[in-house]
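Colleague: The structure follows.
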Amino acid sequence: SKKWVLMATAQTPTNIAVIKYWGKRDETLILPVNDSISVTLDPSHLCTTTTVAVSPGFEQDRMWLNGKEISLSGGRFQSCLREIRSRACDVEDKEKGIKIEKKDWEKLHVHIASYNNFPTAAGLASSAAGFACLVFSLAKLMNLKENPSQLSAIARQGSGSACRSLFGGFVKWIMGKDENGSDSLAVQLVEEEHWNELVIIIAVVSARQKETSSTSGMRESVETSLLLQHRAKEIVPKRIVKMEEAIKNRDFSSFAQLTCADSNQFHAVCLDTSPPIFYMNDTSHRIISYVEKWNRSEGSPQVAYTFDAGPNAVLIARDRQVAAQLLRRLLFFFPPNSDTDLNSYVLGDKSILHD
Ligand code: PMV
């Protein structure tokens, strides 16, 4: 009968890199030029929820993002779907009397419904959570036996940074050596609860979509920036070692110093690209100056900043007290609806303001 439908749902938060991925050595397989390290956000903010369904009544693979149908014809979607289908296993639901054999998956079509719990237009990384969630929910539906690291190597082919969202806490994406990408995958560095004191606040500086996509930006940097070559070979490998140490020891001074330096170097690589790429704006620069001054006046870092391919600031406070102070100061110095509008959209737990 064509009547039955089988479904699976998953929820995946986005992640923020503290040692950045910037540059591919293989564009199709999405293999990076250096390792990267990120922190996965709490699922209550910036996460994607995806439900996937299979039915003999479905005539083609289809996907809806926030209720609007989108095309699945892109190479990245196709890579993920192909990789997952090839690993699908037998599925049996005795209650519903459904039995799908391994070989059936090649002929069956899926419907995918995905929702972001944050404004997609806010210019916040959504592809990381999106592809991680797509891969994870399909793997659940098709009963894959692969572990999260192996699944991360599939999510990587959707969007590089997505591979790091398969785990919570601090995560490393190992660049790998293989030409086929089998060893370019994510591993969890420490368990989720390891560094609970940290509070992450995202200051939305501009809700505009970025002008240069990460894909074309990376391509231009790889082709023209000598600083990128130097960074990938000489700088990042050392920083990765130090960052892993800092995370293991919950050494906030070292963590903040490395995070800020790496964000600044990533944006320096963008400036070193021809033509140069500007992701940060004046408000981003003012936030950096402000945090730098604050940290210096305290004698040791209280807040770390990092910026991705856009002007929005990701601020990591050493604890809740600092986070409350930070939130108050941000709203004071960058009041909503002024010319340096923070868009009145400061994510994070506002209850800390009242501590
Ligand atoms: O995975 P992509 O193509 O969205 O690239 C992400 C690039 C950065 O966010 C700037 C850095 C990173 O490591 O996430």
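Only the coordinates and a few stated rules stand behind these numbers; no lab work does. Fair warning: this is a prediction, and the values are worked out from it, not measured in the lab. We place every Cβ from the backbone using ideal geometry, glycine too, and count neighbours over all the protein chains shown.
Colleague: Within region 199-354, what is the number of lysine pairs with alpha carbons under 30 Å apart, leaving out pairs fewer than eight places apart on the same chain?
Modeller: Counting lysine pairs in region 199-354 gives 11.
Colleague: Treating cross-link reach as a plain straight distance, find the aspartates and glutamates whose alpha-carbon is under 17 Å from the alpha-carbon of K68, omitting any fewer than eight places away in the same chain.
Modeller: By straight Cα distance, K68 reaches no aspartates and glutamates at all.
Colleague: Please work out the Cα center distance from region 57-86 to region 258-316, rounded to the nearest Å.
Modeller: 36
Colleague: Short version: ³J(HN,Hα) in whole Hz for each residue of region 275-288, in order, from phi by Karplus 6.51 cos²θ - 1.76 cosθ + 1.60 (θ = phi - 60°), x for Gly and Pro, what are they?
Modeller: Couplings: x, x, 10, 10, 9, 8, 10, 4, 5, 4, 5, 5, 5, 4 Hz.
Colleague: Placing +1 at every Lys and Arg Cβ and -1 at every Asp and Glu Cβ, with all other atoms neutral, what dipole size does region 128-220 have around its Cα centre, in debye to the nearest 20?
Modeller: Here the size comes out at about 300 debye.
Colleague: What value, in deg cm²/dmol to 500, does the helix sum -39500 (n - 2.57) over DSSP H runs of n ≥ 4 give at 222 nm once divided by the residues of the chain? Write down the numbers at each step before the final one.
Modeller: Values: 9 runs with 114 residues, N = 355.
Theoretical 222 nm ellipticity from helices: -10000 deg cm²/dmol.
Colleague: Moving on to the next point. Under the rule of at least 5 residues apart or a separate chain, name every residue whose amide H is placed under 5 Å from the amide H of N66.
Modeller: Placed amide hydrogens put S114, Y115, N116 under 5 Å from N66.
Colleague: For E92 and L72, compute 0.36 nm times the residue count separating them, minus their Cα-Cα distance, and round to one decimal in nm.
Modeller: Values: separation 20, 0.36 × 20 = 7.20 nm, distance 2.73 nm.
Residue separation times 0.36 nm, minus the Cα-Cα distance, leaves 4.5 nm.
Colleague: Residue farthest toward the positive end of the dipole of the chain, with Cβ of Lys/Arg at +1 and Asp/Glu at -1: which of P56, S216, I84?
Modeller: It is P56.
Colleague: State the extension gain, in nm to one decimal, for the chain segment bounded by H285 and A268, taking 0.36 nm per residue of separation less the distance between their alpha-carbons. Before the final figure, lay out each step's value.
Modeller: Working: separation 17, 0.36 × 17 = 6.12 nm, distance 1.29 nm.
Net length gain for the segment: 4.8 nm.
Colleague: Explain nothing, just the number: dipole magnitude of region 6-191 about its Cα centre with +1 on each Lys and Arg Cβ and -1 on each Asp and Glu Cβ, in debye rounded to the nearest 20. Intermediate values should be presented prior to the final figure.
Modeller: Numbers: 21 positive and 20 negative charges, 28 e Å.
That gives a dipole near 140 debye.
Colleague: Another question about this same structure. Might you report the magnitude of the Cβ-based charge dipole of region 199-354 about its Cα centre, with Lys and Arg at +1 and Asp and Glu at -1, to the nearest 20 debye? Intermediate results must be reported in sequence, preceding the final value.
Modeller: Details: 18 positive and 17 negative charges, 81 e Å.
That gives region 199-354 a dipole magnitude of about 380 debye.
Colleague: Step through the table entries K145/K172; K3/K102; K3/K140, compare each Cα-Cα distance with 31 Å, and write down the pairs that go over it. Show your work: numbers first, answer last.
Modeller: Details: K145/K172 22 Å; K3/K102 20 Å; K3/K140 21 Å.
From the list (K145/K172; K3/K102; K3/K140), the Cα-Cα distance tops 31 Å for no pair.
Colleague: Could I ask something else about it? At a Förster distance of 30 Å, what's the computed FRET efficiency of K145 paired with M7, Cβ-Cβ distance as r, to 0.05? Don't jump to the answer; show the numbers that get you there.
Modeller: Values: r = 20 Å, r/R0 = 0.67.
Efficiency, rounded to the nearest 0.05: 0.90.
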